[in-house]
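*Asks:* Dropping a structure here in structure tokens format, bear with me for questions.
The values are calculated or read from the model by the stated rules, or taken from the named source; none is laboratory data. Please read all numbers here as calculations on a predicted model, not as lab measurements. Positions of Cβ are generated from backbone atoms using ideal geometry, with glycine treated the same way; all protein chains shown enter the neighbour counts. For accessibility, only protein heavy atoms count, side chains too; no ligands or nucleic acids. Shrake-Rupley method; radii C 1.70, N 1.55, O 1.52, S 1.80 Å.
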Amino acid sequence: MIRLAKRLAGLEESVTLLITAKAAELRAQGRDIIGFGAGEPDFDTPANIKEAAIKAINAGKTKYTPVGGIPELKDAIRAKFKRDNGLDYRRDEVLVSCGGKHSIFNLFQAALDAGDEIIIPAPYWVSYPVMAALAGAKPVIVQTTEAHGFKMTPKAFEAAITPATKAVVINSPSNPTGAAYTEAELAAIAEAAVRKGVLVITDEIYEQLAYGGFKVVSIASTNKALKDNCVVVNGVSKAYAMTGWRIGYAAGPAEIIKAMASIQSQSTSNPASISQWAAVEALNGTQEFIPAMVREFEARRNAMADGLNAIPGITAFKPQGAFYVFANVSGLYGKEIKTSAGLATRLLDDAGVAVVPGEPFGNDDYIRLSYATSMKNITEGVKRIGEAAGRMRG
Ligand SMILES: *Cc1c(COP(=O)(O)O)cnc(C)c1O
């Protein structure tokens, strides 16, 4: 038997993918399963973006590109930062990667040393602590509460800082909670980060998906002094329904961007040339797709959160953004069901509804339900959850 590398110890397979696989298996057996596990928009990539890709293929743009992205895409990203965030970056301060996830991986590899601590507010995206551990660093988890909107307070942030602290991760709007920080909240965290010399890593992949008029702000734009110690990660996956194209990007100080590009040059090289041309069109072309998608997501958010809140034993946090509802199901825990994984398994078996347990996101009292699915599925799925919850309560 092959002995695996020691750094893989404790590396778990993504639970999101496990539930998706189990749901697929049940579907193959002919069962009618409603999936609330999706981590991607259910919309098709807009036609103008697909056309740009087809044009790129026919024009022979099918070869290696510069490792960190074609200049045209870097410029489209720079224009996006200027337009949406009021941020100025030079080309050498921008890196294009194979998805935002890949940018974050490169960044953790470039910035974190063995023994470094990285502060991660919980609930968190499952990949942050795993990627930190793969870089040899120590994830320091700061619990947030639903009462505080699942947001880390500046006080909790400062209390978690030690001489070993290297970085902090901010993800607003958040996966899995949908919580989004206000400008004032970000400014307070930024001020503390600047004062303590902590690198701010801000994952803004859900920037365009906010509801009820909530204004998403980049923490990088709240404090001039922060810019030298902050890396913004974003991408086209969520905003333009382009998850399969694998284009994400990072912007920050040239030194760290250069290091990230070096890592990329020795691993994946450039992101797919065709996808890069498609991303140029996504960022430079018409943006009319986004408000239409956001309107639809907002209606679904309301239906799902309100529907879940009407079920005794469940309370759902009403998210400001992204496309997930993080629902507290501990009211259904008892002799038989004691964990979020147990509850997710029960809902799949008993109600034919696939949800994701909250435990791998850092809170075992919750489950995550994605509303990146049809209103019909939401209505039917929530109804089934209500019936199953009734049976659990006995
Ligand atoms: C989806 C997601 C990403 C990145 O997705 P890519 O497809 O790799 O660009 C990053 N962070 C969070 C929190 C996400 O949910």
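*Asks:* Whether any residue in segment 332-348 is surrounded by fewer than 23 Cβ atoms within 10 Å (Cβ to Cβ), touching a residue at least 40 places away in the same chain (Cβ under 8 Å), part of a helix (DSSP H, G or I) and β-branched (V, I, T) is what I want to check.
*Replies:* No, segment 332-348 contains no residue that is surrounded by fewer than 23 Cβ atoms within 10 Å (Cβ to Cβ), touching a residue at least 40 places away in the same chain (Cβ under 8 Å), part of a helix (DSSP H, G or I) and β-branched (V, I, T).
*Asks:* Is segment 321-331 home to any residue that is of a type in the set (F, W, Y), touching a Lys or Arg at 6+ places or on another chain (Cβ under 7 Å) and in contact (Cβ under 8 Å) with a residue 24 or more places away in the chain? Write out each step before concluding.
*Replies:* The initial filter retains those residues of segment 321-331 that are of a type in the set (F, W, Y), namely 323-324, 326.
Cutting the leftovers down to touching a Lys or Arg at 6+ places or on another chain (Cβ under 7 Å) gives us 324, 326.
Now drop any that are not in contact (Cβ under 8 Å) with a residue 24 or more places away in the chain, which leaves 324, 326.
Yes.
*Asks:* Can you find a residue in segment 53-67 that is in contact with a strand residue (DSSP E or B) (Cβ under 8 Å, 6 or more places away or on another chain) and assigned to a helix (DSSP H, G or I)? Walk me through it before giving the result.
*Replies:* We begin by selecting, within segment 53-67, every residue in contact with a strand residue (DSSP E or B) (Cβ under 8 Å, 6 or more places away or on another chain); these are none.
The answer is no, given that none of the residues of segment 53-67 is in contact with a strand residue (DSSP E or B) (Cβ under 8 Å, 6 or more places away or on another chain) and assigned to a helix (DSSP H, G or I).
*Asks:* Which residues, taken from segment 77-98, are open to solvent by less than 10 Å² (accessible area, probe 1.4 Å) and touching a Pro at 6+ places or on another chain (Cβ under 8 Å)?
*Replies:* V96, S97, listed by residue number.
*Asks:* A follow-up question, please. Just one of (1) within 14 Å of T177 (Cα to Cα); (2) in contact with a helix residue (DSSP H, G or I) (Cβ under 7 Å, 6 or more places away or on another chain) trips up N363, so point out which.
*Replies:* Single failed check for N363: (2).
*Asks:* Then there is this: Which residues, counting only those in segment 224-243, are assigned to a helix (DSSP H, G or I) and touching a residue at least 24 places away in the same chain (Cβ under 8 Å)?
*Replies:* We begin by selecting, within segment 224-243, every residue assigned to a helix (DSSP H, G or I); these are 224-229, 243.
Listed by number, the residues that qualify are A225, L226, K227, D228, N229, T243.
*Asks:* I want to confirm something. Restricting to segment 227-241 and keeping residues that are surrounded by fewer than 24 Cβ atoms within 10 Å (Cβ to Cβ) and either within 13 Å of K80 (Cβ to Cβ) or among the polar types (S, T, N, Q) (or both), which single residue is farthest from the ligand (Cβ to nearest atom)? Spell out the reasoning first.
*Replies:* Here is the first cut: in segment 227-241, the residues surrounded by fewer than 24 Cβ atoms within 10 Å (Cβ to Cβ) are 227-229, 237, 239, 241.
Then keep just the ones that are either within 13 Å of K80 (Cβ to Cβ) or among the polar types (S, T, N, Q) (or both); that gives 229, 237, 239.
Values: N229: 21, S237: 3, A239: 10 Å.
Filtering first and then ranking leaves N229.
*Asks:* If the requirement is being open to solvent by less than 10 Å² (accessible area, probe 1.4 Å) and on the phi < 0 side of the Ramachandran plot, which of these qualifies: A210, A193? Step through it out loud before you land on a result.
*Replies:* Details: A210 fails: open to solvent by less than 10 Å² (accessible area, probe 1.4 Å).
Going through A210, A193 in turn, just one is open to solvent by less than 10 Å² (accessible area, probe 1.4 Å) and on the phi < 0 side of the Ramachandran plot: A193.
*Asks:* Sticking with this structure for a sec: Going by the structure shown, is A132 away from the ligand (no atom under 16 Å from the Cβ), assigned to a helix (DSSP H, G or I) and closer than 30 Å to E13 by Cβ?
*Replies:* no
*Asks:* Is it fair to say K74 is at pLDDT 95 or above, basic (K, R) and buried (at least 18 other Cβ atoms within 10 Å of the Cβ)?
*Replies:* On the way: at pLDDT 95 or above: yes; basic (K, R): yes; buried (at least 18 other Cβ atoms within 10 Å of the Cβ): yes.
Yes.
*Asks:* Output the residues belonging to segment 242-265 that are more than 11 Å from S97 (Cβ to Cβ), within 14 Å of the ligand (Cβ to nearest atom) and open to solvent by 10 Å² or more (accessible area, probe 1.4 Å).
*Replies:* T243, G244, W245
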